[in-house]
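The values are calculated or read from the model by the stated rules, or taken from the named source; none is laboratory data. Being a predicted model, the structure only gives us computed values, none of them experimental. We place every Cβ from the backbone using ideal geometry, glycine too, and count neighbours over all the protein chains shown.
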């Protein structure tokens with residue numbers, strides 16, 4: 001029977017691989033570049049899929065399913081693995097029931113992330129296997145292999161992806177689902193209860209397992225040598241870098257590593273003996289390179305490519321071969337720079353405009369509202385990690401005192417608040433803090449593409465679900481001052497901020513207006529500028545709306561009707577009332 005082939009994104013192929021491998025339970029938290037795995041997986045009725053409040057919860061839910069005998073999976077981006085690190089390290093000791101695979105997508109080049117960390121270090125530190133595919137077909141094949149490793153060696157397995165693998169397409173051969181029966185659950189405290197008396201012997205198990213995996217790495221089909229006609233340079237590589245190498249150096253022998261932890265020893269030594277010079281091509285940290293040096297194989301790598309950002313075909317040609325890079329495509333006119341901005345009509349715009357006008361110190365968080373830090377709004381002082389705004393503001397206020405607290409706020413989104421902001425709020429209340437916190441509730445997880453979360457009232461499938469009440473939760477942890485404002489009403493927002501900042505106790509302002517891109521959100525007719533009335537003061541430019549630009553020749557503001565959604569924010573800013581909510585003839 002002829003196999004059906006289909007062009008798939010790497011993330012889509014992972015989801016298909018979950019279906020084919022008999023996975024039953026998927027729990028994740030959205031994070032680019034891993035988000036689409038769970039969205040695509042949700043299309044298969046045989047898989048139970050959910051959005052968890054954060055990555056730690058997602059990991060633990062998936063691990064619970066594994067203990068229950070099912071093949072399970074969770075997906076996250078690289079910084080999400082920081083959140084899930086606690087259960088990762090402990091489940092390395094406990095082992096699994098059904099196969100347990102964790103998809104972690106690194107973001108080399110920081111296309112949508114706050115750092116560029118290398119998740120391979122987690123596999124090494126936790127002493128668990130890691131595999132890394134180099135195309136969409138391998139995303140499916142390596143997932144099946146990961147489940148095999150997980151169940152044979154009684155261990156969680158990390159599937160490492162990257163932005164380029166997750167979001168590029170290649171052909172895959174589709175197969176039917178293989179039903180994997182639930183394993184029987186048997187009570188076994190010595191395996192799953194990690195108190196010291198039981199954990200000590202489990203550490204022995206971890207080390208013995210690692211020795212067995214090292215032996216496997218020498219002959220695993222995931223690691224393969226591809227001969228080449230030009231043996232002057234041999235390349236050791238993995239993942240997306242393999243694709244770059246094959247394009248830039250088609251005649252070079254290549255050792256393609258699919259198992260990134262543990263790495264082979266004898267296989268690398270034999271490969272090095274077969275070529276004149278060995279170069280390791282890997283992005284970010286010298287993980288493979290350091291292993292090679294540790295086993296006595298002299299290699300080049302980071303001295304050529306460095307530890308920052310992405311490698312490419314052109315980078316390999318230029319730095320390794322000294323060749324000029326291939327010319328970039330020539331366009332009739334260079335495209336203008338398009339930095340990311342808050343969308344026209346974004347409910348967060350009025351918040352940051354107001355915070356900037358009041359001259360407040362703003363502890364920010366992770367979300368599309370992080371763009372409030374960019375000019376012309378420029379109204380954010382810090383962004384560290386999910387949930388850090390509330391905790392950070394509490395520490396800042398404790399360090400600088402009550403007077404500073406009256407000029408500082410924390411800003412956090414609804415999804416991020418559920419993810420990891422609640423504990424910071426508890427810390428603030430419990431320890432007598434006086435912070436003023438703004439929860440920007442836009443009724444969705446906006447940054448990663450409109451996923452549901454516990455505050456929206458819907459689950460991953462769009463079905464009604466119990467809705468977390470932010471107001472009730474804040475009251476339950478001891479916040480007595482909780483109020484809701486419309487962020488489009490700048491006067492009400494300003495008044496709320498002044499009143500809450502003056503209060504000698506913690507307070508929460510919920511700035512609630514749905515994301516303008518949500519289906520069902522009412523859009524008004526576009527606004528327009530009356531040219532005769534406009535005095536060219538640029539007051540409307542201060543909100544940084546992409547729909548507004550300034551005509552330097554006419555010295556007048558202009559509004560693009562194809563972008564404007566009629567939110568009305570600019571209307572109240574114009575001192576001469578030149579901006580109207582309906583089209584006017586200038």
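Some points to look at:
- Out of 416, 436, 445, 428, sole residue that is touching a strand residue (DSSP E or B) at 6+ places or on another chain (Cβ under 6 Å) and closer than 20 Å to residue 355 by Cβ: 436
- The single residue among 369, 396 that is outside any strand (DSSP E or B), in contact with a strand residue (DSSP E or B) (Cβ under 8 Å, 6 or more places away or on another chain) and at pLDDT 95 or above turns out to be 396.
- Enumeration of residues in region 344-387 that are out of contact with any helix residue (DSSP H, G or I) (no Cβ under 8 Å at 6 or more places or on another chain), at positive phi and surrounded by 23 or more Cβ atoms within 10 Å (Cβ to Cβ): 345
- Restricted to strands (runs of 3 or more DSSP E) entirely inside region 228-271, no element has at least 3 residues that are out of contact with any helix residue (DSSP H, G or I) (no Cβ under 9 Å at 6 or more places or on another chain).
- All of 183, 187 fail the test of being over 32 Å from the mean Cα position of the chain (by Cα), in a loop (DSSP other than H, G, I, E, B) and without any contact (Cβ under 8 Å) to a residue 40 or more places away in the chain, apart from 187.
- On the stretch given as region 516-544, residues that are in a loop (DSSP other than H, G, I, E, B) and touching a residue at least 12 places away in the same chain (Cβ under 8 Å) total 18.
- Subset of region 310-327 [part of a loop (DSSP other than H, G, I, E, B) and touching a helix residue (DSSP H, G or I) at 6+ places or on another chain (Cβ under 9 Å)]: 310, 311, 312, 323, 324, 325, 326
- Just one residue in the set 105, 123, 58 is within 17 Å of residue 11 (Cβ to Cβ), touching a residue at least 60 places away in the same chain (Cβ under 8 Å) and surrounded by 24 or more Cβ atoms within 10 Å (Cβ to Cβ); that residue is 105.
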